[in-house]
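The values are calculated or read from the model by the stated rules, or taken from the named source; none is laboratory data. Values in this document were obtained by computation on a predicted structure and should not be read as measured data. Cβ placement follows ideal geometry from the backbone for every residue including glycine, while neighbour counts extend to all protein chains displayed.
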Amino acid sequence: MRGDEEGAKGLDELRVLLVDDHDLFRTGLRNLLEQEGVNVVGEAENGEAAIRLASDLAPDVVIMDLNMPGAGGVETTRRLSSLAPLSRVVVLTISADDDDVMNAVMAGACGYLLKDSSIQELIAGIRAASEGESLISPQIAAKVLQRLRAQSKDIDAAETIRAELSDRELQVLKLIANGKDNAQIASELFISPKTVKNHISNILMKLQIENRIQAAVYAVRSGIV
C-alpha cells in the first residue's frame, strides 16, 4: 500500500517521470520543472514505455497524461498501482470530465490537475503526492464530490466504515472527505500531524483502499459526509 514515509524529500531528491504522447509538451514541461529544481529522471511517450521506465527508474512521482495511443492514462495508472506501488501518479490532462476524474482516481491516481495549471500548482501536486497527500484542481474536486452526493448512497459502504473504523478514524475520514489536509486535520482535532498520518494509514488499510482521494470518494459515496 502507498503509505506515508517518515521524512519528506526535497524537490531535487524526488525522482519524477513524465508520461505524455506530445514531444513538445514533455520537453517544455521538463524544462520548467528542472528550472524549479525538480529531478526529472525520464520521459515516456505512451503507457507501455511508462511501465518499462517506471520499473527501471523507480520514480517517486509519475506525471501522467490521460489521452494517449495504446494504453491510456487510466489503464497505465492502474497497472502502475500494482507493479510500482511506491510510484505515485499525478494526472495532468486537458480533461475536466467527471468520468475521467473518477476513473483516474479509482485507478490509483493521487492527484488530478489540468494542463492550464501553473507550474507552482504542479509542483505542489508533486510534493503532495510524494508525501502521501493528494491534490486535485479545486473546481474538479468540488464538481465530482457534488455529483457523488447527488447519487444514491452506498449503504454497504457506510456499514463497512462504521464497523471497521474507530470514532477518531471516522472523524479523520470525514475531514479528508471535506478537503482538509493533514495540518488542518491535526489543528481541528488537537492532535499531531504524525498521529494524523497514522490514522490515515490505518483507514486505508482497514478499508482496503490505496490513497486519501479514494478514501474521500468512498466516504462521500457512503453518505457519512
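When you check Leu80 against the structure, is it of a type in the set (A, V, I, L, M), farther than 15 Å from Ile136 by Cα and at pLDDT below 90, yes or no? So Leu80 does not fit the description; no.
Within the stretch 111-125, the set of residues being among the hydrophobic types (A, V, I, L, M, F, W, C) and either surrounded by 15 or more Cβ atoms within 10 Å (Cβ to Cβ) or out of contact with any Asp or Glu (no Cβ under 7 Å at 6 or more places or on another chain) (or both) comprises Leu113, Leu114, Leu122, Ile123, Ala124.
If you go through the stretch 184-203 and keep only what is within 22 Å of Val217 (Cβ to Cβ) and either in contact (Cβ under 8 Å) with a residue 40 or more places away in the chain or touching a Pro at 6+ places or on another chain (Cβ under 9 Å) (or both), you end up with Ile185, Lys197, Ile200, Ser201. The residues of the stretch 84-97 that are at pLDDT below 90 and either closer than 29 Å to His199 by Cβ or within 8 Å of the chain's Cα centre (by Cα) (or both), listed by number, are Ala84, Pro85, Leu86. Residues of the stretch 191-203 being in a helix (DSSP H, G or I) and either of a type in the set (Gly, Ala, Ser) or buried (at least 20 other Cβ atoms within 10 Å of the Cβ) (or both), which ones? Val196, Lys197, His199, Ile200, Ser201, Ile203, listed by residue number.
Could we say that Gly108 is modelled with pLDDT of 85 or more, under 16 Å from the mean Cα position of the chain (by Cα) and buried (at least 18 other Cβ atoms within 10 Å of the Cβ) here? It is true that Gly108 is modelled with pLDDT of 85 or more, under 16 Å from the mean Cα position of the chain (by Cα) and buried (at least 18 other Cβ atoms within 10 Å of the Cβ). When Leu33, Leu53, Leu57 are checked against the criterion of being crowded, with 19+ Cβ neighbours inside 10 Å and farther than 21 Å from Ser134 by Cα, Leu53 stands alone in meeting it. Which residues, taken from the stretch 108-121, are within 18 Å of Thr77 (Cα to Cα) and not in a loop (DSSP other than H, G, I, E, B)? Scanning the stretch 108-121 gives Gly111, Tyr112, Leu113, Leu114. Inclusion of Glu188 among residues that are part of a helix (DSSP H, G or I) and of a type outside the set (Phe, Trp, Tyr) is warranted. Inside the stretch 126-139, can you point out the residues that are at pLDDT below 90 and crowded, with 20+ Cβ neighbours inside 10 Å? Within the stretch 126-139, Ala128, Ala129, Ser130, Gly132, Glu133, Ser134, Leu135, Ile136 meet the criteria. Taking the conditions (1) in a loop (DSSP other than H, G, I, E, B); (2) in contact with a Gly (Cβ under 9 Å, 6 or more places away or on another chain) in turn, Ala216 satisfies each one other than (1). Taken together, the residues in the stretch 143-178 that are farther than 23 Å from Pro193 by Cβ and exposed (fewer than 12 other Cβ atoms within 10 Å of the Cβ) amount to 8.
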